[in-house]
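First the structure, in the form of structure tokens, and then the observations on it.
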Amino acid sequence: MARSKQWVNLPKDDKFKGDGIDTKADLGPVKISIKFKNGNLAGFRVRLDADGGGNIVYSAAERGRNANFRTVVAGSATNMGTPKCRLTKTIALPAGGGNKYKLTATYRKKEVVSGIKVEVRKRLFYQIMHMKDQTSHATATLDSAFLDTARKFYLELKKKGADAEVPLIHNIDDADATHNSFIRGCGAAYELKDLHPYSFVVCYVRYIADMATESVSHELDIDAPSVFAKFNWDAGSVTIETRRYLAFELEEVDDWLLSATCTFTPDGTTDTRDIDPSNYTVEVDTSSKAFTYGGRRKVKVTFTSGAVRRSLIGRTKGKLNIDLDVKVVTGWTNGFAYNGINLIAIANRVRWRNMTAACRQYTLNHEVGHKIGMTGAGTGTSPDSHADYYHQSLPAYAGTNHSGPHCKKGATYTLATTSWSGTPGCVMFGANAAYDAGGTEHASPPEFCDKCEPMVRKIDVCGATNLTNGFQTSLDDY
């Protein structure tokens, strides 16, 4: 008998049919029915055997904490002596992708139904979106990362719905208002609400960057009305360099300058005098940039004619102090998956330049991995973990900026310097690269490592589990 595929994580509902799923019988538990002709008390049992080698085996601990990691048989045990009745048993197969089974029904120790062969599959759905003026990218490498027959990854990711355009947000920062606008925009374009909690959205955005305030102070000794090589106090300017890159050419409104104060203190006195803001301007020095679309660290303060001289009021020497509070970029994010909302954001640009195709592939696979529960901690509904699992909440990884559960294969964390080094060997490493002792960059791969491989096969993506993990809230609620 030919082997059939059974998509064990999906319920028996017509809306999931298509793309290889022909009938509702292909969904959820397998059903076996036997018809009894007479009224003799009788019953039947079901036996589940591995059909060949290579099945992933769940540990006792896994089976104990998640019913979807074990075989569950339900249904009437006997006909209770009723003639001409039909008994049905349902067999919920373990979630292990690619596992192959042979089911046999026995009556009075004789096989009455045999040769039913099934192969476990799982399926989720996703919709692609992009912000206005941004580009969506191909997802073939995403699909193949989770449906990899050579590694027996049988989690099918099916793209559905339109590639929808959502309003442009120039930068997704850490402000609640920004995230609320982004989520609502994606919610308005969401077409897969009927497939919840088995569907998610991947939206390509412009930038994802965090910002903070940097205070910059600059002091100059002046001797008016001298004219220096780099400064004419009658109508001159001074250039100040910030420690981090300015939050400029990043947002819709470049409100990088938070405050500016210029004062003059004559030598030998504490009589500090403010220079009226109308007598100087503060702007970004745009004469050069570090990256394709920006990257500025120089601020130019230009004084109008006589501004400094008027503040001297008879004094010839003193100190000019310039104090600035500016908004700077403190960190970049390639992408993120919301913890409880079925939404993933992938940046098209990072650090004022286009994200490379290789980095984007890693980022997309990584974030979808998070969405389905990787890297598992070995608790709750998760498969058993492994020695390379790490999380920022663990004392050994305090201070890392990698947020969430990850895999450190090939990389080493130094607690004293809160830094990573080595050659990452898994897509679930928390950054797109690490550096070795010689300063050479080693990119994270787009594939799961051998230690995470069993997790990917074992992972449970049924409705109840999804609702406790990354699919708690559907975008259609916004």
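Bear in mind that the values in this text are calculations on the coordinates, not laboratory data. Bear in mind that the values here come from a model prediction, so they are computed numbers and not experimental data. Neighbour counts run over all protein chains shown; Cβ positions are idealised from the backbone, glycine included.
Observations, loosely collected:
- Extension gain for the segment Y435 to S288, taken as residue separation times 0.36 nm less the Cα-Cα distance, is 50.1 nm to one decimal.
- Of G438, A416, H402, farthest towards positive along the dipole that unit charges on Lys, Arg, Asp, Glu beta carbons give region 388-454: A416
- Computed [θ] at 222 nm, helices only, for the chain once each DSSP H run of length n ≥ 4 contributes -39500 (n - 2.57): -3500 deg cm²/dmol
- Here the label points at A177 and E219, each 7 Å from Cα along the C-beta direction, are separated by 3.7 nm in the simple model.
- In terms of distances greater than 18 angstrom between alpha carbons, the cross-link table entries K132/K371; K122/K451; K17/K160; K132/K193 yield K132/K371; K122/K451; K132/K193.
- Our estimate of slack between Q392 and T356, defined as 0.36 nm per intervening residue step minus the Cα-Cα distance, is 10.3 nm.
- Nearest 10 degrees, 0 to 90: helix 176-188 Cα axis against the chain principal axis: 40 degrees
- Here the extension length gained between D450 and Y478 equals 6.2 nm, from 0.36 nm per residue of separation less the Cα-Cα distance.
- Label selected from (i) 26.7; (ii) 23.9; (iii) 25.0, the criterion being Kirkwood radius over Cα pairs in Å as computed here: (i)
- For region 237-245, 3J(HN,Hα) per residue [Karplus equation, 6.51 cos²θ - 1.76 cosθ + 1.60, θ = phi - 60°, Hz, x = Gly/Pro]: 8, 9, 9, 10, 9, 8, 6, 10, 6
- Label-zone membership for region 237-253, site K300, 7 angstrom Cα→C-beta point, backbone N under 17 Å: 237-242, 246, 248-249
- The chain, dipole about Cα centre (Lys/Arg Cβ +1, Asp/Glu Cβ -1), debye to the nearest 20: 3640 debye
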